[in-house]
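Peer 1: Could you have a look at this structure, given as structure tokens, before my questions?
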Ligand code: SF4
Ligand code: SF4
């Protein structure tokens, strides 16, 4: 099981959740952050600090945000645009820093005016 970062994070990404995560499993793309589903230990510490309610326990995702469960996993399991290999399980986000790339779902989200 895992927590999931969904659509409200897009173009906000203030990183408040990152400071709370005890296992450094919240990775930064270009327009959103993503929780690694295998590295997350389900502690729930990130969820209450998000200012836009973007973080959900996977079973509690509203129906409209369900696609983000698979999308967080996809960020690690599939090659990202411009990167040859999937990220896999890096074992920590800090050492990678901002990756500057997103899943197609996040990248296709309309940009703010
Ligand atoms: S706290 Fe919320 S808005 Fe901020 S980076 Fe984390 S998920 Fe995104
Ligand atoms: S639930 Fe805990 S382990 Fe999982 S991403 Fe949030 S802070 Fe990190």
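Every number here is computed from the coordinates shown, using simple stated rules; none is lab data. Just so you know, these numbers come straight off a predicted model, no measurement behind them. Positions of Cβ are generated from backbone atoms using ideal geometry, with glycine treated the same way; all protein chains shown enter the neighbour counts.
Peer 1: Which one, 82, 91, 29, has the greatest fluctuation when you compute a Gaussian network model over the chain with C-alpha springs under 10 angstrom?
Peer 2: 82
Peer 1: Specify the residue with the greatest mean-square fluctuation among 77, 54, 64, computed from a Gaussian network of the chain linking alpha-carbon atoms under 10 Å apart.
Peer 2: Among 77, 54, 64, the largest GNM mean-square fluctuation belongs to 64.
Peer 1: Can I ask one more? Within segment 34-48, list the residues whose amide N lies under 15 Å from a label point set 7 Å along Cα→Cβ of residue 83.
Peer 2: 34-39
Peer 1: Report, in deg cm²/dmol and to the nearest 500, the calculated mean residue ellipticity at 222 nm for the chain, where each DSSP H run with n ≥ 4 adds -39500 (n - 2.57) and the sum is divided by the residue count.
Peer 2: For the chain, the value works out to -4500 deg cm²/dmol.
Peer 1: What ranking do 2, 94 get, fewest neighbouring Cβ atoms within 10 angstrom at the top? If you can, show how the numbers build up before the last one.
Peer 2: On the way: 2 17, 94 12.
Final ranking by Cβ density, sparse to dense: 94, 2.
Peer 1: A further question on this structure: Please state the shape class of segment 40-113: rounded when a/c is under 1.5, otherwise prolate if a/b exceeds b/c and oblate if not, all from the C-alpha gyration tensor.
Peer 2: Because a/c hits 1.5 or more and a/b fails to exceed b/c, segment 40-113 counts as oblate.
Peer 1: Now for a separate question. Relative contact order, percent, of the chain when contacts are C-alpha pairs under 8 Å separated by at least 6 residues? Numbers along the way, then the final one.
Peer 2: Details: 186 pairs, mean separation 38.5, N = 113.
The value is 34 percent.
Peer 1: What ranking do 13-19, 104-110, 31-37 get when scored by the average of other Cβ atoms within 10 Å per residue, highest first?
Peer 2: 31-37, 13-19, 104-110
Peer 1: With contacts defined as alpha carbon pairs under 8 Å and 6 or more residues apart, what's the relative contact order of segment 47-93 in percent?
Peer 2: On the way: 21 pairs, mean separation 9.1, N = 47.
Relative contact order of segment 47-93: 19 percent.
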